[in-house]
Amino acid sequence: MRKQPEITAATRNAFVDAFCALYEDRKSEKITVQEIADKAGYNRSTFYQYFRDIYGILDFIEEDTLSYVKKNITTVIRHIDFEEEFILAFTQRYQEKDKYVKLLLSSRNISKFSVRLKAEMFPVLTEIFQLPEDDPKVTYILDFYLSSVFAVISRWFNNGRDIPAPELAGLLRDMLMKGVFPQLYKYARNAQEGPPPHTLQ
């Protein structure tokens, strides 16, 4: 007799939650399958019905979050500013699966997740903006764009979301559309003396 989907999902999520809890204090290579199974309340054999190993859990968390973000962005990106929708997608995911977002944006995982996120978003933005796929400059522009947006969002989460999301979106948009130096100058201590010489060239 096959298990009900909701039961299967509940068991899988129990393993994921157990791993996330253990991951807060230790690196993944220091966590054992037995510890995860014990904390989740299942045996080792049940664990292997869902994941090949502990890295399978990391892959699941990444895939689940990437799928969620991509889905939420692509449905509205043609009508709403990308920066704002990108922030909203991560914020909504955080509200639903805060452990996932905390794990992926931790210093131990952020580089790997950033690479996968950009790989997923490159074709989406290429299609939406009808960009040429064979121009290397386009790749650099998209890399800069996505890296900048994701780096700011990551810092925002790690800073405890210290400013409102719409304000962060506006800041991102100003930096990308107007340039970084004008934004720095706005907050410089010597703003009344005029902009730094290199910004006038």
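Just a few scattered comments:
- Contact annotation: residue pairs with Cβ atoms under 8 Å, 6 or more positions apart or on different chains, pairing a residue in the range 116-137 that is closer than 17 Å to residue 67 by Cα and in contact (Cβ under 8 Å) with a residue 12 or more places away in the chain with a partner that is surrounded by 11 or more Cβ atoms within 10 Å (Cβ to Cβ) and of a type in the set (Gly, Ala, Ser), are 118/147.
- Single residue of 30, 3 found to be open to solvent by 50 Å² or more (accessible area, probe 1.4 Å) and at pLDDT 85 or above: 30
The values are calculated or read from the model by the stated rules, or taken from the named source; none is laboratory data. This is a predicted model, so every value here is computed, not measured. Cβ coordinates were reconstructed from backbone atoms using ideal geometry, including for glycine residues, and neighbour counts include every protein chain displayed. Accessible surface areas use protein heavy atoms only, side chains included; no ligands, DNA or RNA. Shrake-Rupley method; radii C 1.70, N 1.55, O 1.52, S 1.80 Å.
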